[in-house]
1. Tally the residues that are surrounded by fewer than 21 Cβ atoms within 10 Å (Cβ to Cβ), in contact with a strand residue (DSSP E or B) (Cβ under 7 Å, 6 or more places away or on another chain) and under 27 Å from residue 38 (Cβ atoms), restricting the search to region 124-157.
2. Does any residue of region 219-239 turn out to be surrounded by 13 or more Cβ atoms within 10 Å (Cβ to Cβ), under 29 Å from the mean Cα position of the chain (by Cα) and over 30 Å from residue 36 (Cβ atoms)?
3. So which pairs qualify, if the first residue must be in region 131-145 and in a helix (DSSP H, G or I), the second must be loosely packed, with under 14 Cβ neighbours inside 10 Å, the Cβ gap must be under 8 Å, and the two must be at least 6 apart or on different chains?
4. If residue 166 meets every condition in (1) closer than 24 Å to residue 115 by Cα; (2) in the same structural domain as residue 138 (by TED's automatic domain parsing); (3) free of Cβ contacts under 8 Å to residues at least 12 places away in the same chain apart from one, which number is that one?
5. Hey, among the residues in region 25-45 that are in contact with a strand residue (DSSP E or B) (Cβ under 6 Å, 6 or more places away or on another chain) and not in a strand (DSSP E or B), which one's surrounded by the most Cβ atoms within 10 Å (Cβ to Cβ)?
């Protein structure tokens, strides 16, 4: 039987993973953090809505979290990917990129998701800078200016109903969503300024929508929904159950953030239908505490 190297291995060194690791470190457990260095919000310059850190650089917040966790001598780090994981002995073996495999009694997955964006020319390079998906994170900074919504399906109706609180909204249906009369009336009542059904050719400048008929509609910012996919295959390889969310699958967990596989916990965007930095930190704290309590009580 393999002797565990660690009490817990946390896969993911962003907000949820660091938060989970902090709880375990403060419980004086031997913790390994595995960080591939691919934060989901790495494209955003600033992060908003996280109490005490509002408006600070997203990378700086993550680095401050890492510094907090690294101050504990019972925490080890691996800078690189977790390539595979399997149950073995009294826990789990994790195969590491560029290092020998490690064994932990508990496993916390904070592996995040990757975003599949709509195939609109010029959109991807503006993601996180002038094209967003969360108004709570980025809406206020648009200063009640012109806001465009690039529709991707029925869920864009929900986005259109929300965003008038942040600015003057134009919904670009782009062939992906045709609102019915009831939806049109509801959007008008909410204050949606326009519904534009001409197809979008590309995005230029900061957030100018160029239509196929040549019209150029400058926006302060754009919002859209993409699809989310697991950034790591570990949950699937371990046999964790998933639930279907409006944007993609996410790992099923209970109230203590344990997955369907005993001893495997999950937190952050990989284990929620939607989230932000504040929610990821809270989620990670629950997952870390849950993993610790299971070490004590089973």
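1. 5
2. Checking region 219-239: at least one residue is surrounded by 13 or more Cβ atoms within 10 Å (Cβ to Cβ), under 29 Å from the mean Cα position of the chain (by Cα) and over 30 Å from residue 36 (Cβ atoms).
3. 135/165
4. Here residue 166 meets the rest and fails (3).
5. 25
The values are calculated or read from the model by the stated rules, or taken from the named source; none is laboratory data. Because the structure is a prediction, the values reported are computed rather than measured. Every residue, glycine as well, gets a Cβ built from its backbone with ideal geometry; the counts of neighbours run over all protein chains shown.
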